[in-house]
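Worksheet: the structure to be examined is printed underneath.
Derivation of every value follows stated rules applied to the coordinates shown; laboratory data play no part. Since this is a predicted model, take the numbers as computed values, not measurements. Reconstructed Cβ throughout: ideal geometry from the backbone, glycine too, with neighbour counts over all protein chains shown.
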């Protein structure tokens, strides 16, 4: 089966935008699954995380409308997802088992799909000139 890199990247980008918007506009609802305690700084941090994902997702969607995208925005999203997965593994005691599992369940497939898409987009670029 041959995966269409644009479709994979677009799906990840729209998922990122939706998740980011939820973190931005209803962080208490998203955080409720992780903890009963949601202090103001944690809510603010969730919103900042949401902004990051919205920006990365919108950047990728815009890039994917180009005739010959570079894959840079897609790669930036994949890098962010890779860093999220690594951070969850390294600081797993701070995150707890549920936090680690949910972070890895989102970040690992998004990172893999993002890197796949970014590399394929770069490989299929037309030569300049």
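Pick from 84, 53, 68: which residue has the top mean-square fluctuation in a GNM of the chain where Cα pairs under 10 Å get a spring?
Ranking 84, 53, 68 by mean-square fluctuation puts 68 first.
So for region 5-123, what are the equivalent ellipsoid semi-axes in whole Å, largest first, each being the square root of 5 times an eigenvalue of the Cα gyration tensor? All intermediate terms of the calculation are to be shown ahead of the outcome.
Working: eigenvalues 148, 50, 19 Å².
Result for region 5-123: semi-axes of 27, 16, 10 Å.
Can you list the residues of region 43-78 with backbone N under 20 Å from a point 7 Å past the Cα of residue 29, pointing along Cα to Cβ?
43-55
Could you tell me how many degrees, from 0 to 90 and to the nearest 10, lie between the Cα long axis of helix 40-64 and the main elongation axis, the longest principal axis, of the Cα atoms of the chain?
Helix 40-64 sits at roughly 10 degrees to that axis.
Under 1.5 on a/c is rounded, so check that first for region 66-129, then, if it is not, pick prolate when a/b is larger than b/c and oblate when it is not; a ≥ b ≥ c are the square roots of the alpha carbon gyration tensor eigenvalues.
Judged from the Cα gyration tensor, region 66-129 comes out prolate (a/c at least 1.5, a/b above b/c).
Evaluate E = 1/(1 + (r/R0)^6) for residue 93 and residue 21, where r is the Cβ-Cβ distance and R0 equals 30 Å; express this FRET efficiency to the nearest 0.05.
0.50
What does the helix-only formula give at 222 nm for the chain: each DSSP H stretch with n ≥ 4 adding -39500 (n - 2.57), the total divided by the residues, and the result rounded to the nearest 500 deg cm²/dmol?
-27500 deg cm²/dmol
I need the calculated FRET efficiency for the pair residue 126 and residue 83, taking r as the beta carbon distance and R₀ as 25 Å, to the nearest 0.05.
Working: r = 31 Å, r/R0 = 1.24.
Efficiency at R0 = 25 Å is approximately 0.20.
Helix 72-90: angle to the longest alpha-carbon principal axis of the chain, degrees 0 to 90, nearest 10?
Orientation of helix 72-90: about 30 degrees from the principal axis.
What percent do you get for the relative contact order of the chain when only Cα pairs under 8 Å and 6+ apart count?
Answer for the chain is 31 percent.
Mind checking the angle between helix 92-123 and the chain's longest principal axis? C-alpha axes, 0 to 90 degrees, to the nearest 10.
For 92-123 against the chain, the angle is about 10 degrees.
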